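The block underneath contains the structure these notes are about, expressed in structure tokens.
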Amino acid sequence: MIGREDVSDLIEHVIATEVQMLKRATMALLILAASVTPALAQEKKAPEPLKLKVGDVAPDFTLLSYDGSGVKPVSLHDFKGKKKVVVAFFVFAFTGG
């Protein structure tokens, strides 16, 4: 027959085991977080700004254009030798900001 002391010892053992498992899981999470943090914290170097002056030939680029029925890519090289192109940027255009 199991006495009160046996049950009490069993409960203490189970609690101690669960506490040990919780400590191990916490340590594993801390190690994982410590190993991931440096990779996330690395600053990405911004690309060097282009040194364009008024009248310079613009470098080729591709953007998405919406013509009312769908989105399609449009590249500056599509217009080379066909049309004159003016490139204008509107900061916060259509963003409400």
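Numbers at a glance
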quantity	calculated
Structure-derived semi-axes √(5λ) of the Cα gyration tensor in Å: which label, when the choices are [x] 68, 19, 12; [y] 30, 12, 11; [z] 17, 15, 13	[x]
Theoretical FRET efficiency, 1/(1+(r/R0)^6), r = Cβ-Cβ of L64 and L29, R0 35 Å, to 0.05	0.30
Relative contact order of the chain, pairs being alpha-carbon contacts under 8 Å that are 6 or more residues apart, as %	11
FRET efficiency estimate (nearest 0.05) - Cβ-Cβ, E43 to T17, R0 35 angstrom	0.20
Helix 4-41 axis, angle to the chain major axis (alpha carbon atoms, nearest 10°)	20
Value of [θ]222 nm, deg cm²/dmol, for the chain, DSSP H segments ≥ 4, -39500 (n - 2.57) each, nearest 500	-14500 deg cm²/dmol
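No lab work stands behind these numbers, since they all come straight from the coordinates. Predicted, not measured: the structure shown is a model, and the values here were computed from it. Reconstructed Cβ throughout: ideal geometry from the backbone, glycine too, with neighbour counts over all protein chains shown.
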